[in-house]
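Take a look at the structure set out below.
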Amino acid sequence: LEPEGGKQRRLPARQRPRFPFQRVFPRLISTPSHLAYLRIADGCDNRCAYCLIPGLRGPYQERPLPMIISEARRLVAQGVREIILIAQDTAYYGHRSSTGADLSLLLETLNEIPELLWIRVLYAHPVHIERGLLQTMASYDKICPYLDIPLQHINDAILKRMGRKITRAGIERILSEAREVVEGISLRTTLMVGFPGEGEDEFSELIDFVRRERFAHLGVFSYSPEAGTVACRYGSRVDGAVARRRRERLLEIQQAVSAEYGQALRGESITVLVDCRYPETGSTLMRGHAAFPAPELAGIVVHEGEGLRSGAMVT
């Protein structure tokens, strides 16, 4: 039972939620037919203070590497050219394995599929990102130089209250190492504002961090209390209007950074995977995405497309 407005309400519960990792998993691809998301694990052991996922999805459980590769081959046979690896924490893949099959080995094996063009990694918890993974990313052309690392905050006290199991120094080391090892890597993160205990000093620290790190892509959301989480019991709550203003402030800063990234690309040639016809015109223009922004999460590329179809790769 959880308190709600002074009353009690009953929450549905399952002893141990399980994801049905079937050997043959029928797929209905809802994305453009040339790209697909591929789940490599489900559930989570991180237990961040604000998150309900461990209770809803259960503890971390990963799919065996042969099962993932088998599904990837089926997807490629259907015309998929970009595979996007997802999990609640992709970087944790293989950490508890006795076979030595970790995320690096998975990436290397996917790289061997002939007609697969791009492999992308989303949602890598920073505490589980190791140098070996970055070296693997740098070693294979099919692996996009892109990494989505949800950081949530940078202030040590807030990170501790969030249960993130990492410090500011640890985060800065990982970001520096990623840029050092993977040439031209495009980093995306998400940040949370308005978490209980975040005062003006903590928010100012977050602003300075965003200005200095200059992420290629950045998402920001305001903290929302979820019944059943540890953080829901915290005091020192931040007013919703204050949290919204902080969110808008960070996005304003990032907008300027994103504009500078775009300006820096003027005159450059980039490789683009064609997604679909550009809907805003009736002409031959097409829209696509490059290796450095993830589809549906960041910028698009609009280009001449007469004679091109979705899934084509062009310069």
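The values are calculated or read from the model by the stated rules, or taken from the named source; none is laboratory data. Note that this is a predicted model, so its numbers are computed, not measured. Here the Cβ positions follow ideal geometry from the backbone for every residue, glycine too, while neighbour counts run over all protein chains shown. Ligands, DNA and RNA are stripped out before the accessible areas are found, and what is left, the full protein with its side chains, is counted by its heavy atoms. Shrake-Rupley method; radii C 1.70, N 1.55, O 1.52, S 1.80 Å.
Taken over the stretch 188-223, the criterion of being touching a residue at least 60 places away in the same chain (Cβ under 8 Å) and within 20 Å of Tyr234 (Cβ to Cβ) is satisfied by Met192, Phe195, Tyr223. Filtering the stretch 208-238 to residues that are farther than 18 Å from Ile154 by Cα and either aliphatic (A, V, I, L, M) or at pLDDT 95 or above (or both) leaves Ala227, Val230. Tyr278 meets the conditions (1) out of contact with any Leu (no Cβ under 6 Å at 6 or more places or on another chain); (2) farther than 16 Å from Arg81 by Cα in every case but one. The failed one is (1). The set of residues in the stretch 221-243 being touching a Ser or Thr at 6+ places or on another chain (Cβ under 8 Å) and either within 26 Å of Gly299 (Cβ to Cβ) or part of a strand (DSSP E or B) (or both) consists of Phe221 alone. Which residue, of Arg246, Arg188, is assigned to a strand (DSSP E or B) and either in contact with a Lys or Arg (Cβ under 8 Å, 6 or more places away or on another chain) or open to solvent by less than 60 Å² (accessible area, probe 1.4 Å) (or both)? Criteria check complete, one pass: Arg188.
A search for C-beta distances below 9 Å between a residue of the stretch 88-109 that is under 16 Å from Tyr123 (Cα atoms) and any residue that is charged (D, E, K, R) and part of a helix (DSSP H, G or I), counting only pairs 6+ apart in sequence or on different chains, returns Gln88/Arg57. Within the stretch 157-178, the set of residues being open to solvent by less than 20 Å² (accessible area, probe 1.4 Å) and farther than 19 Å from Cys51 by Cα comprises Gly170, Ile171, Ile174, Leu175, Ala178. In the stretch 257-271, the qualifying residues are those that are in a loop (DSSP other than H, G, I, E, B) and of a type in the set (Ser, Thr, Tyr), and the one that is surrounded by the fewest Cβ atoms within 10 Å (Cβ to Cβ) is Ser269. Here Pro293 meets each of (1) free of Cβ contacts under 8 Å to residues at least 60 places away in the same chain; (2) under 16 Å from Gly184 (Cβ atoms); (3) not hydrophobic (A, V, I, L, M, F, W, C) with one exception, condition (1).
Specify the residue that is surrounded by the most Cβ atoms within 10 Å (Cβ to Cβ); the eligible residues are those in the stretch 277-291 that are at pLDDT 85 or above and in a strand (DSSP E or B). Per the criteria, the residue is Gly288.
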